[in-house]
Amino acid sequence: MSDTAQTLNERFAIPGLSFRADASGLVFADIDNAGGTATLCLQGAHLTTWRPKDQAEPVVWLSPLAKYAPGKSIRGGAPVCWPWFGPHATESGFPGHGFARTVDWKVIGAKALDSGETQIRLLLAQNDATRAQWPRATRLELTATVGKTLRIDLTTTNLDTEDIVIGEALHTYFHIGDIGRIQVLGLEGSEFVDKVDGGARKTQAGPVTCAGEVDRVYVNTAAECVIVDPDLKRRVRVAKSGSNSTVVWTPWTEKAEKMGDFGPGRANQGGWREMVCVESANALDNVVSVPAGEAHTLTVVYSAEAL
Ligand code: TA6
């Protein structure tokens, strides 16, 4: 049973952090401090928006057609892909990108930091359905630290007696001016699996640019990426640790229309032309083995600066 907004406010509300339920029954945390504002849906520990106070436009994109319903992933924000990335290796009936983003998480902590940032900690609540897909004794915790920057820590603790192997990603959608005019720096020379070209393995030459659907898993890269956005006149830095894969994705027209929850493809309409996914992951060659009794953390830190 997920906590109600009222019980959460009684237990965890602090200056700059409160909880509310929306019409669909999903519960959200609203954060507003001197450095920035953010919203996080407790289902999936899914950060849906983040805007530093010095940015006119949000840095994290949320679809104007995002759907909010129990068990449904929200289009946009920073979805948590875990304990696998992409389709399940053997079970086609299991959800793509794992179950973490569509199950309830429990708030286990909230505090106002001396830095002025707001920190919220959540724990994935295992249930019969998740155990049926992942019968290993595993703890998954997410900590979001919100201010002028956004830090997300995703920690997997292996409580089992044997090693576990996980795939994971913070599948973050970044708000940009126009997909046809941005560049993603940091992946030059990296090997990638091109999912738009039958999974062919290629090497990135120069900055990543998009003139059509792009769906690439860059492997063996711990590099910081930078989204250079001439329209919004800013750079967005995607720094990471505990992650050796980076995914760059834009659905472009056909896939966006097929998915149905991206919004219009015309400029300045808030749709798919105004987002790009730069996902900090451990996927394909970089799935992570977590020894029994040990923990692994994937961390991202996002920031925006003027061009
Ligand atoms: O990360 C890119 C990707 O794997 C694409 O292939 C596409 O499936 C995207 O994730 C979105 O997946 P979703 O399940 O959120 O619709």
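Tabulated data
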{"quantity": "Phi to ³J(HN,Hα) by Karplus 6.51 cos²θ - 1.76 cosθ + 1.60 over region 192-206, Hz, x for Gly, Pro", "calculated": "9, 9, 8, 6, 8, 10, x, x, 4, 8, 9, 10, 6, 10, x"}
{"quantity": "Residue-span extension gain [residue 106 to residue 137] - 0.36 nm each, minus C-alpha spacing", "calculated": "9.4 nm"}
{"quantity": "Calculated [θ] (222 nm, deg cm²/dmol) that DSSP helices of n ≥ 4 give over the chain, each run adding -39,500 (n - 2.57)", "calculated": "-2000 deg cm²/dmol"}
{"quantity": "Radius of gyration and Dmax over the Cα atoms of region 53-99, both given in Å", "calculated": "14.1, 46"}
{"quantity": "Hull volume in cubic angstrom per residue (convex hull over the Cα atoms of region 1-126)", "calculated": "120 Å³"}
{"quantity": "Whole-Hz ³J(HN,Hα) from phi, Karplus 6.51 cos²θ - 1.76 cosθ + 1.60, for region 39-52, glycine and proline x", "calculated": "10, 9, 8, 5, 5, x, 6, 9, 5, 9, 9, 7, 9, x"}
{"quantity": "Potential lengthening between residue 297 and residue 20 on full extension [0.36 nm per residue; Cα-Cα distance subtracted]", "calculated": "96.8 nm"}
{"quantity": "Sequence-separation-based contact order of region 244-307, relative, with Cα cut under 8 Å and 6+ spacing, percent", "calculated": "34 percent"}
{"quantity": "Nonlocal amide H pairs with residue 183, under 5 Å, H built at 1.01 Å", "calculated": "228"}
{"quantity": "J(HN,Hα) series, region 5-15, from Karplus relation 6.51 cos²θ - 1.76 cosθ + 1.60, nearest Hz, glycine and proline x", "calculated": "4, 5, 5, 5, 5, 5, 8, 10, 4, 9, x"}
{"quantity": "Computed Kirkwood radius, in angstrom, where 1/r is averaged over Cα pairs of region 186-278", "calculated": "14.2 Å"}
{"quantity": "Cα pair distances of region 5-306 binned at 20 Å [whole percent]", "calculated": "35, 60, 5"}
{"quantity": "Mean-position separation - Cα centroids, region 50-102 and region 228-287, in angstrom", "calculated": "12 Å"}
{"quantity": "Region 42-189 - percent relative contact order, Cα under 8 Å, separation 6 or more", "calculated": "25 percent"}
{"quantity": "Hypothetical label at residue 123: residues of region 52-92 whose amide nitrogen lies under 11 Å (7 Å Cα-Cβ projection)", "calculated": "none"}
{"quantity": "Descending Cα extents along the principal axes, region 76-148, whole Å", "calculated": "46, 24, 15"}
{"quantity": "Full-extension gain in nm, residue 56 to residue 267, via 0.36 nm per residue minus C-alpha separation", "calculated": "74.2 nm"}
{"quantity": "Residue 191-residue 255 FRET efficiency (beta carbon distance; Förster radius 25 Å; 0.05 resolution)", "calculated": "0.60"}
{"quantity": "Per-selection Rg to Rh, region 254-307 - Cα, Kirkwood hydrodynamic radius", "calculated": "1.16"}
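A short reminder: the numbers here are calculations on the coordinates, not readings from a lab. Everything numeric here is computed off the predicted structure, so don't read it as measured data. Neighbour counts run over all protein chains shown; Cβ positions are idealised from the backbone, glycine included.
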